[in-house]
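Chemist: My questions will all concern the structure given below.
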Amino acid sequence: MKLGSDIAAVVTGGASGLGEATARNLAENGVKVAIFDMNADRGEMVAGEIGGVFARVDVSDHDAVAAGLEKSRAAHGQEHVLVSCAGIAIARKTVSRDRETGAVRPHDLASFSTIIKVNLIGTFNMIAQCSAGMLDAKPVTDDGERGVIVTTASVAAIDGQIGQAAYSASKGGVLGMNLPIARDLARDGIRICTILPGLFRTPMVEGLPQEAMAKLGTSVPFPSRLGEPSEYASLVQHICENAMLNGESIRLDGAIRMAPK
């Protein structure tokens, strides 16, 4: 797919981090970008800077996604690209012991369910609704391509650390549904790939002390640093432009394999 002014995109989690870098990259390539995020102030600012449109969307809510797509399609027409970056994380063991009382506590189901709902169900909700629109769109390439979907898993989907049961389960689900969705949508000219980022310079990581950030960077084999969001965005661009990338999962991690903790 050749990126340009005749292409529209939706980027979830586009108000910051990997999503923001992707939204900016696509806009720089002439794409009309809609940002879906829960952070309205930041989302409106980024959308304004790139000449896009913003919608406050909870990706796990069917009606909220439908309303967001109605707004983005009214502004830009049918989206040809979906990049799903919206996600949340917690650190909680399967069971833990209270330091003061010594009582053993199981991982609460409410927080586990929330992670699954946002990261996995939210990703699928976006895929299902966007691909439904893409399916009726006219092809934009000689191959009959109608759309490209890029989802964001994590290296935690494969080598999750202590305290990442919920997060790893959610990202493992994103990874696991990649190939069957590619097979579902292949005849309609819609591609999907999943990126598994390693340690990246995102707002969550940048909230750590400088010493901790530096230590994380040196744990990456090569290059021994944190990944830059722009490097994620560059891979998204390549996936969009390379029609043979379909049903593939790509680790973007500098060859890191996460230790237990």
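Chemist: Against the longest principal axis of the chain, how steep is helix 122-135, in degrees 0 to 90 to the nearest 10, with axes from Cα atoms?
Modeler: So the inclination is approximately 10 degrees.
Chemist: Right, next: Restricting to DSSP H runs of at least four residues, report the calculated mean residue ellipticity at 222 nm for the chain, -39500 (n - 2.57) per run over all residues, nearest 500 deg cm²/dmol.
Modeler: Helix-only estimate at 222 nm: -12000 deg cm²/dmol.
Chemist: Sticking with this structure for a sec: Dipole of segment 8-252 (Lys/Arg Cβ +1, Asp/Glu Cβ -1, origin at the Cα centre): which of Val57, Cys85, Met177 lies farthest to the positive side?
Modeler: Highest projection toward the positive end goes to Met177.
Chemist: In debye, nearest 20, what is the charge dipole magnitude of segment 101-151 about its Cα centre with +1 on Lys and Arg Cβ and -1 on Asp and Glu Cβ, if you could check?
Modeler: 320
Chemist: For the chain, take the longest principal axis of its alpha carbons; what is the angle in degrees between that and the long axis of helix 17-28, to the nearest 10 within 0 to 90?
Modeler: Roughly 20 degrees between the two axes.
Chemist: Related question: Within segment 89-127, what residues put their amide N at less than 16 Å from the label point 7 Å along the Cα-to-Cβ vector of Met204?
Modeler: 89-93, 111-123
Chemist: Amide H to amide H under 5 Å from Arg251: which residues, 5+ apart in sequence or cross-chain, H placed 1.01 Å off N in plane?
Modeler: Those lying under 5 Å, H to H, from Arg251 are Leu196.
Chemist: Also, quick follow-up: Let's test the formula: R0 of 35 Å, r as the Cβ-Cβ distance of Leu135 and Ser113. What FRET efficiency results, to the nearest 0.05?
Modeler: The calculated FRET efficiency here is 0.70.
Chemist: Obtain the nm distance between the two label points defined at Glu70 and Ala186 by a simple spin-label model: each point lies 7 Å from its Cα along the Cα-to-C-beta direction.
Modeler: Here the modelled spin labels are 3.6 nm apart.
Chemist: For Ile192, which sequence-distant residues (separation of 5 or more, or a different chain) have an amide H within less than 5 Å of its own amide H, given hydrogens modelled in the peptide plane?
Modeler: Counting only residues 5 or more places away or on other chains, the set is Ile149, Gly247.
Chemist: Report the FRET efficiency, 1/(1 + (r/R0)^6), for Ala259 and Glu49, where r is their Cβ-Cβ distance and R0 is 35 Å, rounded to 0.05.
Modeler: 0.35
Chemist: Something else: So, with +1 on the Cβ of K and R and -1 on the Cβ of D and E, and no other charges, what is the size of the charge dipole of the chain about its Cα centre, to the nearest 20 debye?
Modeler: Dipole size: approximately 780 debye.
Chemist: Using 1/(1 + (r/R0)^6) with R0 = 45 angstrom and r between the beta carbons of Asp143 and Ala91, what's the FRET efficiency to the nearest 0.05?
Modeler: For R0 = 45 Å, the calculated efficiency reads 0.55.
Chemist: Under the definition of Cα pairs under 8 Å and six or more residues apart, what whole-number percent is the relative contact order of segment 8-252?
Modeler: Reported as a whole number, the value is 20 percent.
Chemist: When the Karplus curve 6.51 cos²θ - 1.76 cosθ + 1.60 is applied with θ = phi - 60°, which whole-Hz ³J(HN,Hα) does each residue of segment 32-44 get, with x for Gly and Pro?
Modeler: 7, 10, 10, 9, 10, 6, 8, 8, 5, 4, 5, x, 4
Chemist: What is the dipole size for segment 158-206, taken about its Cα centre, with +1 at each Lys and Arg Cβ and -1 at each Asp and Glu Cβ, in debye to the nearest 20?
Modeler: Once rounded to the nearest 20, the dipole reads 120 debye.
Chemist: I've got another one for you. Quick one: work out the % antiparallel among DSSP beta bridges in the chain, nearest 5.
Modeler: Among the beta bridges of the chain, antiparallel pairing accounts for roughly 10 percent.
Chemist: How far apart, in nanometres, would the label points at Gln161 and Lys215 be if each is projected 7 angstrom from Cα along the Cα-to-Cβ direction?
Modeler: So the two model labels end up 1.0 nm from each other.
Chemist: Shifting gears a bit: Which one, [x] 46, 43, 33; [y] 62, 39, 37; [z] 45, 39, 35, gives Cα extents along the principal axes in Å as derived from the coordinates shown?
Modeler: [y]
Readers should treat all values here as calculations from the given coordinates under stated rules, not as data from a laboratory. The model shown is predicted, which means the values in this text are computed figures rather than measured ones. Here Cβ is always computed from backbone atoms with ideal geometry, including for glycine, and neighbour counts include all displayed protein chains.
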